[in-house]
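Contents: one structure, followed by commentary.
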2 protein chains.
Amino acid sequence: MKNFFEAKSIAVVGVSREPNKVGAILFNQLLRNFKGDVYGVNPNVNSLYGNKIYKKLSDINKKIDLTVIAVPAAFVIDIIKEMPSVNCKNVVIISAGFKEIGNDKLELKLKEELDQRNIKAVGVNCLGIYDAYSGIDAIFLPSERVQRPGKGGISFICQSGAIGGAILDLMASKNYGVSKFISFGNATNLDSVDYLDYLGKDKNTKVICVYIEAVKDGKKCLEICKNIKKPVIVLKGGLTHEGNKATLSHTGALAGDPRVYLGAFKQAGTVYAENLEDMFNYSRLLEKSIKPKGDRILTITNGGGFGILGTDNIIKYGLKLAELSSETKKKLKEKFPKLVIVDNPMDLIGDATDERYGLALEYAVKDKNIDIILITLDYQTPLLTPNIVNVISKYKNKKPIIVASTGGSPTEKIKRILESRGIVCFDYPETAVRSIKQLVEYHK
Amino acid sequence: MKNFFEAKSIAVVGVSREPNKVGAILFNQLLRNFKGDVYGVNPNVNSLYGNKIYKKLSDINKKIDLTVIAVPAAFVIDIIKEMPSVNCKNVVIISAGFKEIGNDKLELKLKEELDQRNIKAVGVNCLGIYDAYSGIDAIFLPSERVQRPGKGGISFICQSGAIGGAILDLMASKNYGVSKFISFGNATNLDSVDYLDYLGKDKNTKVICVYIEAVKDGKKCLEICKNIKKPVIVLKGGLTHEGNKATLSHTGALAGDPRVYLGAFKQAGTVYAENLEDMFNYSRLLEKSIKPKGDRILTITNGGGFGILGTDNIIKYGLKLAELSSETKKKLKEKFPKLVIVDNPMDLIGDATDERYGLALEYAVKDKNIDIILITLDYQTPLLTPNIVNVISKYKNKKPIIVASTGGSPTEKIKRILESRGIVCFDYPETAVRSIKQLVEYHK
């Protein structure tokens, strides 16, 4: 896989004059974002966007590190046969029309041709690959539709292109960065196991997210996951018998018994996401948060109801309420107005100021009875100012601090700034605590 | 309660020259939004924002329909005693400092004074009330912090001001309208039961949301809920023993056994929300959706993985997969390209056009085997256009159509427009199906 993402020269076979066609989008995106050499191939096109287009792959007459194929299924094998002529061992095959529509024979033949030449292939029937660091952008959806995230520590392995594209777009719009993105479709040759192995070693990848419909070699997958020293978050499509059935016509692979998957992934130390939102939330928190020492959580709030919901959820998810040390209690009671509730939840009440939050945090990070701080921030109250982000960020390296805050655009703005400082924010206390649960479990 | 929201003249006692003070905000918001007469009272202020300020409530010398009190707790009873002088029977008491901080005696005395004069009170220790229709805006948070939603069908009864404020702000930012909003704090005199009774009869209210920490008269509440002919969505703060304990210092009312509440609310036919996000989502869907005939759902998608996740969730939530009639299957197979999967999920695949969605919907609304249509829209694919909103809205009155769509700003924009047309949208298949479950249960 390394050679895919470290390619210096890329050929796109199947470029097109029609800008909406897959080959045209791929060529255009690479020209825009990739620093290396890009070559286009199409027997019927002479030049495109000011670049010479080659009739055949073999005409390029230079070493190509990565070939991207976007031609009809029937012509794919012809291209593969040409790859040795440019000394290329790596290919992303976007083309669909194989096993997923019953063309098992064609896919098997393709696999043989790849194996014979020792060529590694991503796909077939996939969205492509993306690397925010190297600028390799071989995703066939234009960035006007699927915004590309900037550099970050989250990598994705997606069997479904649609889910991959949506999550990339979502990450970008929320200002979250990614490392690598791999949509692998039918897994004709390379499989999730290969991608896991690679990303497990990739230094830019801090967290691996996997959307998967079927694993070919469960045992090997289990073993690799066990050995990966970073969080692997798994979402399994087709977890029910009925959803399972639908995967057959999607990526051509009938998924196995869901309970077997679940059990195996748990045993292998992966984080299981029940849905896409969980995957998004867990990955954000696991990427950014420092390691908690335990599961004793203090909720700090300036909106009583939010403190109560925080507490309810801490109990619901089997976490512990931190008990303030008598020292913390004493000191804060001295410093705070009488109406402030120095307990857990700590209610700084409706007239809370930034300074009051500062004091609460100062003592909370010092208190050895507290492992994690959940701030259920009510930014609607009049005395809080935008400076609250500085107050909170100041303590971010002392203990895991997570913010949950519900509201409209002023609240959203504050959360954006906090996130740019590395403080992970959630829209509701429930989603925050649900994610904290996974953070605690992973570091146990 | 009717007299609160139909008031033609309102007095604010405790106005202030400092714009951040509660009394000043209340006075200012009413001056801006309320069509009736507004009077300010403060013995130390002569005029404010160009309006004469009265020394005492009794100085106004006109009939006042509603008094709003924002003075320190110790002075509240004095104001109550003056209320008969302006013939006023309705009061919103914003002031805190009663039972919630252990001042049980003062609150009991206040209650007696109110009862003696047959005065109805919202509060004490509350955020206030709001009516998008009459413009009565007696919420003490400025609209720069808490945006006010426009007219709509969702009403809120909130024991916690913070949660109330956040949800108002959230609704406004998502373009959802409300009818009435009542934050009632300690429930000194009027209680949730009174509010439920009123909103049950209010013609502008289509759905009632209740955030509650404690109910005084459970039996009566149960009975009223049973008789309300619209959805009542309940979120209970302090559902765990630990959260429960925290409610004591919040609104001064020790909440009862959570299991008793849950059972009772269920028996009374209310919709139980497990968290704030659920309440927001359920209320949107129950307000807008037409009644489904059953629980057989068809998922239509153009992104295979999203169809699979939709299907997984339909099964997870105990709903049924609709089976297309043979007529629908036959017709659609004739009309669609070969690669489209005419099944459930129906996968219109990556090159889906608006027209293809139109055809799928045309046959799905006609098919008697389908009760509800879930569209898991993948707006990242290149051939869909903004016209997709017209295609979908065309069928909205035929059957409940719910859209789930994950992505960045182009996707968000499409969802906004769909919502303005009355199609409820969700960010993920899971939240969509979770809400559909409540829609089905309510109409069973």
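Laboratory data are not the source of any read-out in this text; all were calculated from the coordinates shown. Everything numeric in this text was worked out from a predicted model, so none of it was measured. Reconstructed Cβ throughout: ideal geometry from the backbone, glycine too, with neighbour counts over all protein chains shown.
Set against the 2.2 N^0.38 Å expectation for a compact globular protein, the protein assembly as shown has a Cα radius of gyration ratio of 1.03.
The GNM of chain B, with springs linking C-alpha atoms under 10 angstrom apart, assigns the highest mean-square fluctuation among B:Leu298, B:Leu262, B:Leu199 to B:Leu262.
Helical content alone sets the calculated 222 nm signal of chain B at -12000 deg cm²/dmol, taking -39,500 (n - 2.57) per DSSP H segment of four or more residues and averaging over every residue.
Only beta bridges with both residues in the protein assembly as shown are counted; by DSSP, about 15 percent of them are antiparallel.
Note on chain B: with a GNM built from Cα contacts shorter than 10 Å, the maximum mean-square fluctuation among B:Ile79, B:Ile401, B:Ile300 falls on B:Ile79. Cα centroid separation, the stretch B:254-295 to the stretch A:68-110: 52 Å.
In terms of distances greater than 23 angstrom between alpha carbons, the cross-link table entries A:Lys206/B:Lys413; B:Lys109/B:Lys180; B:Lys120/B:Lys216; A:Lys89/A:Lys201; B:Lys266/B:Lys437 yield A:Lys206/B:Lys413; B:Lys109/B:Lys180. When Rg and Dmax are taken over the Cα atoms of chain A, they come to 25.1, 81 Å.
Where q = 0.14 Å⁻¹, what log10 of I(q)/I(0) comes from the Debye formula for the stretch B:1-125, counting one point per Cα? Log-scaled intensity ratios, in q order: -0.55.
In the assembly of identical copies, B:Pro84 has its label point, taken 7 Å from Cα in the direction of the beta carbon, separated from the corresponding points by 10.6 nm (ascending, one decimal).
Under a Cβ-only charge scheme (Lys and Arg +1, Asp and Glu -1), can you give me the dipole magnitude of the stretch A:291-443 about the Cα centre, in debye to the nearest 20? Here the stretch A:291-443 has a charge dipole of around 520 debye. Taking the number of Cβ atoms within 10 Å of each Cβ as an exposure proxy, the fewest-first ranking of A:Val15, A:Val45 is A:Val45, A:Val15. Applying D = kT/(6 pi eta Rh) to the stretch B:303-444, where Rh is the Kirkwood radius over alpha-carbon pairs, T corresponds to 4 °C and eta to 1.567 mPa s, the Stokes-Einstein value obtained is 85 µm²/s.
Round to the nearest 10 and give me the degree value, 0 to 90, for the angle of helix A:161-173's Cα axis relative to the longest principal axis of chain A. Long axis of A:161-173 versus the principal axis of chain A: about 50 degrees.
For B:Cys209, the residues whose amide H sits under 5 Å from its own are B:Ser155, B:Phe156, B:Ile157, B:Ile233, ignoring neighbours fewer than 5 places away on the same chain, with H placed 1.01 Å from N. For B:Cys88, the residues whose amide H sits under 5 Å from its own are B:Ile64, ignoring neighbours fewer than 5 places away on the same chain, with H placed 1.01 Å from N. Residues whose amide H comes within less than 5 Å of that of A:Val12, counting only those at least five positions distant or on another chain, are A:Tyr39, A:Gly40, A:Val41, A:Val68 (H built at 1.01 Å from N in the peptide plane).
Assuming a ≥ b ≥ c are the square roots of the Cα gyration tensor eigenvalues, decide whether the stretch A:138-184 counts as rounded (a/c under 1.5), prolate (otherwise, with a/b larger than b/c) or oblate. Oblate, because a/c is 1.5 or more while a/b does not exceed b/c.
Dipole size of the protein assembly as shown about its Cα centre, with +1 on Lys/Arg Cβ and -1 on Asp/Glu Cβ: approximately 440 debye, rounded to the nearest 20. To the nearest ten degrees, helix A:304-316 and the longest principal axis of the Cα atoms of chain A are 60 degrees apart.
Can you figure out the FRET efficiency of A:Phe75 with B:Lys398, using R₀ = 41 Å and their beta-carbon distance, to the nearest 0.05? That pair, A:Phe75 with B:Lys398, gives E of 0.40.
Would you compute the Debye intensity of the stretch A:80-197 from its alpha-carbon atoms alone, equal scatterers and no solvent, and pass along log10 I(q)/I(0) at q = 0.11, 0.14, 0.20 Å⁻¹ to two decimals? Each listed q maps to, in turn, -0.38, -0.59, -1.06.
Using the Cβ-Cβ distance between B:Lys2 and A:Ser326 with R0 = 56 Å, the FRET efficiency computed as 1/(1 + (r/R0)^6) comes to roughly 0.60.
Take B:Asn51, push a point 7 Å out from Cα through the beta-carbon direction, and compare it with the same point in every other copy: 6.7 nm, smallest first. Extent of the stretch B:146-288 along its three principal axes (Cα atoms, max minus min coordinate, largest first): 36, 31, 28 Å.
Counting only other chains, and only Cβ atoms inside 10 Å, what mean value do you get across the residues of B:407-414?
Mean shielding count: 5.
Rounded to the nearest 10 degrees, the angle from helix A:22-33 to the longest Cα principal axis of chain A is 60 degrees. Note on the stretch A:172-232: Cα Rg divided by 2.2 N^0.38 Å, N the number of residues, gives 1.16.
Around the Cα centre of the stretch B:267-308, unit charges on the Cβ atoms of Lys, Arg, Asp and Glu (plus for the first two, minus for the last two) sum to a dipole of about 300 debye. Considering only B:Ala322, B:Ala432, B:Ala162, the Gaussian network model of chain B with Cα springs below 10 Å gives its largest mean-square fluctuation to B:Ala162. The mean number of partner chain beta-carbon atoms within 10 angstrom of a residue's beta-carbon across peptide B:236-242 is 6.
Within chain B, the longest run free of exposed loop sites, counting GluC sites (Glu not before Pro) that sit outside DSSP helix and strand states (H, G, I, E, B) and have at most 16 other Cβ atoms within 10 Å, spans B:7-143.
Distances, shortest first, from the label point of B:Lys320 to those at the same position in the other copies read 4.9 nm; the point lies 7 Å along Cα to C-beta.
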